[in-house]
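Bear in mind that the values in this text are calculations on the coordinates, not laboratory data. From a predicted model like this one, the values you see are computed outputs, not experimental measurements. Counting neighbours? That spans all protein chains shown, and the Cβs are built from the backbone with ideal geometry, glycine included.
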Amino acid sequence: MTSLQRVAVSVLSAVFVLIVLATFLLPAHYARQFRDIPNAGPSSAHPLGTDALGRDFLARLLYGTRVSVLLALAAALLATLIAAVLGSVAGLLGGWFEHLVLAATDLSLALPWLFLLLVVRAMLPLDVPPLLSVVIAFLMMGLLGWQVSVRVICAAARSIRDSDFLLLARSSGCKPARLLLRHVAPNLRPLFYAQFFISIPLFILTEANLSILGLGVMEPMPSWGNLMRGFEDFSTLSANPWRLTPLVLLVIVVLCFQLALPSPEVAQ
Amino acid sequence: MIETKKSTNLFRLVLRRMLFLVCLSVVGALAGATLVRFAPGYGVTERDLDPRWSANSLEALRQKQALHQSLPSFYFHYLSALVHGDLGESDSLKRPVRELLRQRFPVTGSSVLRGLGVAWLAAALLASFGLVIRVWFFEASATAFNSFLLSLPSAVVAMLAVHLRAPVFFAIAVVVFPRLYSYIRNLLVQAYDQPHVLAARARGLGSSTIFFRHVLPLAASPLLALLGVSFAISFGAAIPIEALCDSPGLGQLAWHAALSRDLPLIVNVTLIVALVMLAANSLADFAGRTLAGSTS
């Protein structure tokens, strides 16, 4: 691990500690309004001031960090899980099933990612409770974000399909399910981890884009994307530069994930 | 003999791609029809909630509009209308989808093409310049700047473009540039590390000669493939950028359709974008293979 990777991992660890301890560190609940001090500047009571509705900005930032990061992690986990199962089975079995999986992957990759998300989001009701909007965003990204990973995993599974150890396992009467779980999956584990890590920054950015467009996490639940919706009014932003903290935090976290990624040889 | 075999392979590739395009159109149209037919609230209008209409009148109207037609019949009517160029009517804008697409497509097409042009030019120049001068400080700064741009959501780039009064194509270029730069740079580095380039350098050939005669031909085929991929990236980036920059293109139309749950509109916009993407990818792939065949 290089020194730069160590720094990135340390920063990410600090962010995770912050997420876990957010409940204890919060000066107020993220939805609580201080109606007499809307758009207030930083003070000892509100270190990052308050927003236009008088809500504590630090509380919203910490909760937003928790929502965005956990949402991206969960979606990456689901997408990697789907890609691992589909890719491994397709690579191991080969034949028509592999062709079918790869054709479906090609088909969905023909669409730009955001267009695909918009189509699916348009199918579902828009006026939903905030918690449900988080679940919808997680399911959309998790269920639709596996295509790139499945190609990589399928290629890797195909490369070990005819290896000696699988031949030996097959000749000793090993069933396909056991082959997959005991022999193929352990060999592909580094690849699964790499694909999981690669997906996280992608999903963080996707959530931010969707929420800024009003199709992601719904108010009053904060997320990085939600908090950045206020950037449209640049006059407020130039008067309150600390409102840029969600963007700064997002850039730092995404950069750290990019730096902490495993080497390209493993990722490919 | 070898030439004939190459031509046959290319012909097969073109046929396969054409077949894939046709399959995609059919599958996409059927998937779109399914989305429209089974979406929650399909066929429900404000009129259904109006107490002035009696149940009998509503039932008669529904039957007239064939809302209760069987599923195969629904698919058949949808596909036959599609074949005749009828993409339906937008629920929210109350205008034919075909007319909306005809108006919006040139706007997005122009922004995407100009954005891609700027991004490709900047990425290719920066990557080539870095490779020719080989100064670590330049490389480190360019990589850091590139990583920073990669970490910015495209919606934030769009808001920045609004603030700076920058054109839409510039925002698209900013989103596409970092993805192109890292890939182009890696391709050129790989090509520069080839033994024949080292031999050319040892023979005292100039930097520009080495670049244009030995490096570029080697990297040209994957670069053409990248051109197809960059189309998909820029069309994806066009959604938040056009929506936030208030540019009347396909991206804004798709965003509007998603916000108003206008399924006929968004499904058809997506189908058209998918076909354009696939055609661009196929062309790039075909050009890359032809070029690889002619240089080998």
For a quick check, take a GNM of chain B with Cα springs below 10 Å and name the residue from B:120, B:136, B:53 with the largest mean-square fluctuation. B:53
Dipole in debye (nearest 20) - the protein assembly as shown, about Cα centre, beta carbon charges: Lys, Arg +1; Asp, Glu -1: 1220
Percent of Cα-Cα pairs more than 25 Å apart in the stretch A:67-218, please. 36
Would you kindly derive the ³J(HN,Hα) couplings of the stretch B:249-260 from the backbone phi angles with the Karplus curve 6.51 cos²θ - 1.76 cosθ + 1.60 (θ = phi - 60°), listing them in order in whole Hz, with x for Gly and Pro? x, 5, x, 5, 4, 5, 5, 4, 5, 5, 5, 9
Between B:205, B:265, B:226, find the one with the highest GNM mean-square fluctuation for chain B; connect C-alpha pairs within less than 10 Å. B:205
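May I ask you to sort B:260, A:211, A:171 by Cβ crowding, counting other Cβ atoms within 10 Å and putting the fewest first?
The most exposed by this proxy come first: A:171, B:260, A:211.
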Using +1 at the C-beta of Lys and Arg and -1 at the C-beta of Asp and Glu, which of A:118, A:63, A:10 has the Cα lying farthest in the positive direction of the dipole of the stretch A:1-123? A:63
The stretch A:79-158 and the stretch A:160-214 have their Cα centres apart by a whole-number Å value of 14
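Work out which helices of chain A, taken as complete DSSP H runs, extend at least 15 Å along their axis over the Cα atoms and score a mean Kyte-Doolittle of 1.0 or more, then list them.
On the way: long enough: A:3-25 (32 Å, 2.11); A:57-93 (53 Å, 1.93); A:95-109 (21 Å, 0.85); A:113-123 (16 Å, 2.25); A:130-144 (21 Å, 2.50); A:147-161 (21 Å, 0.73); A:185-212 (40 Å, 0.95); A:245-260 (22 Å, 2.60).
What comes out of the filter, once short or polar helices are dropped, is A:3-25, A:57-93, A:113-123, A:130-144, A:245-260.
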log₁₀ of I(q)/I(0) at q = 0.12 Å⁻¹ - the protein assembly as shown, Debye sum with one point per alpha carbon: -1.37
Among A:177, A:52, A:75, which one shows the highest mean-square fluctuation when chain A is modelled as a Gaussian network with alpha-carbon springs under 10 Å? A:177
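If Lys and Arg each add +1 and Asp and Glu each add -1, what is the summed charge of the other residues whose beta carbon sits under 14 Å from the beta carbon of residue B:108?
After counting each charged neighbour, the total is +1.
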Of all the C-alpha pairs in chain B, what % are more than 29 Å from each other? 52
Let me check the size of the stretch A:92-179 from its C-alpha atoms; what are the radius of gyration and Dmax in Å? 18.5, 57
Taking θ = phi - 60°, what integer Hz values does the Karplus form 6.51 cos²θ - 1.76 cosθ + 1.60 yield along the stretch B:178-193, in sequence order, with x for Gly and Pro? x, 5, 6, 4, 4, 6, 4, 4, 4, 4, 5, 4, 4, 5, 5, 7
Using only the alpha-carbon atoms of the stretch A:36-129 as identical scatterers, what base-10 log of I(q)/I(0) does the Debye formula give at q = 0.13, 0.15, 0.23 Å⁻¹? -0.73, -0.84, -1.14
